[in-house]
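Structure, as structure tokens:
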Amino acid sequence: MLLLSAVLCLWNLSANGMSNEYYAAAVKSASVSWKAWFFGSLDPGSFITVDKPPLSIWLMGLSARAAPGVAVASVAASRPTRR
């Protein structure tokens, strides 16, 4: 059941690109700057922050730092798709 749900959730994941460029920019900044990671900001200089608590950005930023090759997939998989 878990495998089936994972396949259905991740099927055609790249169809929407980054799904939400706003949060994707925050994760990219979090993967570059620890200050941007801590405050959940859109830019590496930590000038503009996102409109949500930074916990989700922290998790995605850490995964982007740990495995840079799969960072795009981790950002895309964590956000709901647009319909």
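Residue by residue through the stretch 33-50, what is 3J(HN,Hα) from phi via Karplus (6.51 cos²θ - 1.76 cosθ + 1.60, θ = phi - 60°)? Round to whole Hz and write x for glycine and proline.
Per-residue couplings from phi come out as 10, 5, 5, 5, 5, 5, 8, x, 9, 7, 10, x, x, 6, 8, 10, 9, 6 Hz.
Which order do peptides 30-38, 43-51 fall in by mean Cβ count within 10 Å, highest first?
30-38, 43-51
Which FRET efficiency value, to the nearest 0.05, is calculated for residue 6 and residue 52 with the Förster distance at 22 angstrom and r the Cβ-Cβ distance?
The computed FRET efficiency comes out at 0.30.
Pull up all non-local amide H partners of residue 49: gap of 5 or more, or a different chain, and H-to-H distance under 5 Å with H placed in the peptide plane.
42
Since every read-out is calculated from the coordinates, none of them should be taken as a lab result. What you are looking at is a predicted structure, and each value in this text was computed from that prediction instead of being measured. Every residue, glycine as well, gets a Cβ built from its backbone with ideal geometry; the counts of neighbours run over all protein chains shown.
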